[in-house]
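Remarks on the structure that follows.
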Amino acid sequence: MPFTDCHGNELRSLPLVYRLDRDFQVAEPFCWRDPRPGGGVFEVPAHDPSLPPTEGNSTDFASVPPFLWGLIASYGKQTLAAILHDHLTYQTRLAPTEDRLALRRVADETFRVALVDSGVHQLRARVMWAAVGIERYAHHGGALGWLIIAQLALGILALIAAVVLGVLVQPLWLLLAAAPAALALVWGKNADLVLASTYLGALYAPLVAAAFIGSRLEQLLATVIWVGTGTAGPAPKAEPTLRWPDHGTTLPPA
């Protein structure tokens, strides 16, 4: 019984207020008991109506880019864990700047544990954890964060090159695949994040590229039809939503 209502009963439903686009607000509080040794109970309160719709306990579920929804849905088993993470992320933004990175690290690890506790399999939970971890450094890591992201990008390219060159040119090129693992060690306590993000990023790269190209081809076709039929309104977008928000739990992109 990972998630409960405010009375300790198993959570079977969660009332939400839909604010159009992709924004929802929690209408009733709920709790999650951390299964880790010494873990406490996290309470996610109902949204404070005195706050703007996109502040406070507001959520867009798992902020997966729309073109990736075929790989990782925006909602499902991960929904309650994503709402919990959005709540913890909002609390992080209220903290002093120098404390935000450490608080987000705790929030992101809590998110991973809550995902597994909700029935999300370990690989998918690790992918979503890695995504929010990279977002953590993009928002709160400063120059160090961008250095990690740069190494991540180069590591993914090195892995792809190792496979391509190893298959087409010389098998010894496959040894290049060990380089990102060795370089991840220099990040100390963040080595697991860099390691997971690099290898999982390379694993999912072909699927992400195919999904992105497919969504753009669909947009092109939809635009041709839109122009040809003289349909009123804005041009078609390559996504199944009205807009792509700039807040919340983001999967580069879960």
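Filter region 115-133 down to the residues that are among the aliphatic types (A, V, I, L, M) and closer than 11 Å to ARG104 by Cα and list them by number. Of everything in region 115-133, just one residue is among the aliphatic types (A, V, I, L, M) and closer than 11 Å to ARG104 by Cα, namely VAL132.
Which count do you get for residues in region 206-232 that are among the aromatic types (Phe, Trp, Tyr) and either closer than 22 Å to VAL64 by Cα or touching a Leu at 6+ places or on another chain (Cβ under 8 Å) (or both)?
Step one: list which residues in region 206-232 are among the aromatic types (Phe, Trp, Tyr), which gives 212, 226.
Next, only the ones that are either closer than 22 Å to VAL64 by Cα or touching a Leu at 6+ places or on another chain (Cβ under 8 Å) (or both) stay: 212.
Matching residues across region 206-232 total 1.
Residues checked against (1) of a type in the set (Asp, Glu); (2) surrounded by fewer than 17 Cβ atoms within 10 Å (Cβ to Cβ); (3) not assigned by TED's automatic domain parsing to the domain that holds GLU43:
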{"residue": "GLU98", "(1), (2), (3)": "yes, yes, no"}
{"residue": "ALA102", "(1), (2), (3)": "no, yes, no"}
{"residue": "VAL132", "(1), (2), (3)": "no, no, no"}
{"residue": "LEU152", "(1), (2), (3)": "no, no, yes"}
{"residue": "LEU176", "(1), (2), (3)": "no, yes, yes"}
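One residue stands out among those in region 3-29 that are closer than 17 Å to LEU88 by Cα and under 22 Å from the mean Cα position of the chain (by Cα): the one that is surrounded by the fewest Cβ atoms within 10 Å (Cβ to Cβ), which is ASP23.
If you go through region 145-173, how many residues are over 15 Å from LEU203 (Cα atoms), assigned to a helix (DSSP H, G or I) and either of a type in the set (A, V, I, L, M, F, W, C) or within 27 Å of the chain's Cα centre (by Cα) (or both)? I'd like the intermediate steps shown before the answer.
At the first step, the residues of region 145-173 found to be over 15 Å from LEU203 (Cα atoms) are 145-151, 165-173.
This time we only want the ones that are assigned to a helix (DSSP H, G or I), so: 145-151, 165-168, 171-173.
Right, trim to either of a type in the set (A, V, I, L, M, F, W, C) or within 27 Å of the chain's Cα centre (by Cα) (or both) and you get 145-151, 165, 167-168, 172-173.
Here the count works out to 12.
The values are calculated or read from the model by the stated rules, or taken from the named source; none is laboratory data. None of these values were measured; they are calculated from a predicted model. As a convention, Cβ positions derive from the backbone with ideal geometry for all residues, glycine included, and neighbour counts pool all protein chains shown.
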